[in-house]
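K.L.:
Got a structure for you, written out below as structure tokens; questions coming shortly.
The values are calculated or read from the model by the stated rules, or taken from the named source; none is laboratory data. Since this is a predicted model, take the numbers as computed values, not measurements. Cβ placement follows ideal geometry from the backbone for every residue including glycine, while neighbour counts extend to all protein chains displayed. For the accessible areas, the whole protein counts, side chains as well, though only heavy atoms, and no ligand, DNA or RNA atoms are used. Shrake-Rupley method; radii C 1.70, N 1.55, O 1.52, S 1.80 Å.
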Amino acid sequence: MGVLSASSTVEHKRPYLRGVKVLVDGGMDIVPDIYIQPEHQRLCKSKVCPDTQDIPVIDLRELSNSGNRPKAIAAIGQACQKWGFFQVTNHGVPVATTEKMKEVAYEFFELPVEEKMAYHATSMSSKMTMYGTSFNPYEDKTFDWRDYLRHSCNPLSEENVSSWPANPPSYRQATHSTHTFLRFASLHFYKSSKAYSVSVCTSRETAVNYSEAVGSLCKSLLRALSESLGLSPEFLDAAFGTPNERFLLLNYYPPCPDPALALGLSSHSDVGGITILLQDATSGLQVLNDGQWIPVKPLPGAFVVNVGDQLQVLSNGKYKSVEHRVVLNSECPRLSIALFYNPSFNTVVSPVEELLDESHPPLYKEFTFSDYKKRFYAKLDGKACIRSVQTTVEASS
Ligand code: OGA
Ligand code: NI
């Protein structure tokens, strides 16, 4: 069998690089070979947990009740050890903010494909707004059945926000009325913003509102996580450095003609610190626990929170960055919105000193977050990346 040259591989992929939605909308009713998972990765019913076992749900209102706070913090710590995942309710992010965010996300994916492709980039290291499909389509052998839009949301500077989609207009338009944005916006931009006069009264239900509100939630969760590890409340956020990296990732999974053959998102752990995921009412997310895939049931109004590789390393393996994947259905599309709260680019990450002693030697070597990311994006392969930074001491996962 001949070896495909890099250019012929790209040629072979070209019909699929514009996304899955455009194919499905065009009437595609079979799963093309490029999306067919190797047999061992496919949706294998026998390994999906059949009963009602579910990841913990934590009521965050308890964090502001001094009597109940220690219990809530202990519950968060236990969830991070056993599952690496939990759902949160009463998290303080207004329903209007989450609903509006989902609405503009749907609107974005409904745009003509040419308009979305204006944000297409060939490298995952692109810092700009990026529309794409699969995971890393220029590297992936098998494609994931997913389209996405990804962009940084920290800092909320003019340079950053102006690279976000101009359409739907409400995606960033109302940003001109936000106090945070005005702090950063240049006077020129502020004055020349035609939208300003009309949007000043608009409610702040946009991607900026969303990332600010979810960013605050992350900070409060990091305080709880620090305390759960016996550290001072500000420890973890400080360890992430400034400005810490934050990405918003909008995932769109079109219905699939044969969900048994393809995956929405292949098994992976998240590269960063913590991830806050908003899912719509369609299920699909599954978490690996004791060799079984556990479905994460959509809970109206809740966020799914999960530990990323950096928190696993900082906690010296106490908290688990657990593999998860997205399975498909043939009926309806699924939308999810992830905010990745990560260390800053240059932060040196290693197990926290305070958590180490003779019986707890460091399980991971130190590295910069930017190096780790380069390695991670080269290939999506379960937990291969975190294994590559293990010390010779035996880690439990
Ligand atoms: C991710 C992810 C899950 C989902 O974007 O890293 O795991 O439900 N998403 O879309
Ligand atoms: Ni993930």
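K.L.:
Within region 350-389, track down each residue that is in contact with a Lys or Arg (Cβ under 8 Å, 6 or more places away or on another chain) and either modelled with pLDDT of 95 or more or assigned to a strand (DSSP E or B) (or both). Spell out the reasoning first.
P.N.:
Looking only at region 350-389, we keep the residues that are in contact with a Lys or Arg (Cβ under 8 Å, 6 or more places away or on another chain), and these are 350, 355, 385, 388-389.
Correct list: 350, 355.
K.L.:
Does region 284-294 contain any residue that is closer than 25 Å to residue 161 by Cα, within 15 Å of ligand 1 (Cβ to nearest atom), among the aromatic types (Phe, Trp, Tyr) and not in a loop (DSSP other than H, G, I, E, B)? It would help to see each step written out before you state the result.
P.N.:
The initial filter retains those residues of region 284-294 that are closer than 25 Å to residue 161 by Cα, namely none.
For region 284-294, residues closer than 25 Å to residue 161 by Cα, within 15 Å of ligand 1 (Cβ to nearest atom), among the aromatic types (Phe, Trp, Tyr) and not in a loop (DSSP other than H, G, I, E, B): absent.
K.L.:
Take residue 363 and tell me if it is within 21 Å of residue 223 (Cα to Cα) and open to solvent by 10 Å² or more (accessible area, probe 1.4 Å).
P.N.:
no
K.L.:
Considering only residues that are closer than 16 Å to residue 333 by Cα and open to solvent by 40 Å² or more (accessible area, probe 1.4 Å), which ones fall in region 9-22? Before the answer, list the steps.
P.N.:
Here is the first cut: in region 9-22, the residues closer than 16 Å to residue 333 by Cα are 19-22.
Scanning region 9-22 gives a single hit, 22.
K.L.:
Mind checking whether some residue in region 336-347 is more than 17 Å from the chain's Cα centre (by Cα), on the phi > 0 side of the Ramachandran plot and modelled with pLDDT of 95 or more?
P.N.:
no
K.L.:
Continuing with this model, one more query. Restricting attention to region 141-166, which residues are among the acidic types (Asp, Glu) and open to solvent by 20 Å² or more (accessible area, probe 1.4 Å)? Spell out how you get there, then give the answer.
P.N.:
Going through region 141-166, the residues among the acidic types (Asp, Glu) turn out to be 144, 147, 158-159.
Across region 141-166, the qualifying residues are 158, 159.
K.L.:
Do we have any residue at all in region 272-290 that's within 16 Å of ligand 2 (Cβ to nearest atom), over 20 Å from residue 334 (Cβ atoms) and more than 15 Å from the chain's Cα centre (by Cα)?
P.N.:
yes
K.L.:
Would you check which residues across region 236-268 are of a type outside the set (A, V, I, L, M), near ligand 1 (Cβ under 9 Å from one of its atoms) and under 24 Å from residue 387 (Cα atoms) and list them?
P.N.:
268
K.L.:
Same structure again: Can you pull out the residues in region 307-329 that are polar (S, T, N, Q) and surrounded by 24 or more Cβ atoms within 10 Å (Cβ to Cβ)?
P.N.:
Here is the first cut: in region 307-329, the residues polar (S, T, N, Q) are 310, 312, 315-316, 321, 329.
Across region 307-329, the qualifying residues are 310, 312, 315, 321.
K.L.:
Given the condition within 15 Å of ligand 1 (Cβ to nearest atom) and either assigned to a strand (DSSP E or B) or open to solvent by 10 Å² or more (accessible area, probe 1.4 Å) (or both), answer yes or no: does some residue in region 342-349 qualify? Before you say what the answer is, go through the steps one by one.
P.N.:
Initial filter on region 342-349 (within 15 Å of ligand 1 (Cβ to nearest atom)): 342.
Keeping just the survivors that are either assigned to a strand (DSSP E or B) or open to solvent by 10 Å² or more (accessible area, probe 1.4 Å) (or both) gives 342.
Yes: region 342-349 contains one or more residues that are within 15 Å of ligand 1 (Cβ to nearest atom) and either assigned to a strand (DSSP E or B) or open to solvent by 10 Å² or more (accessible area, probe 1.4 Å) (or both).
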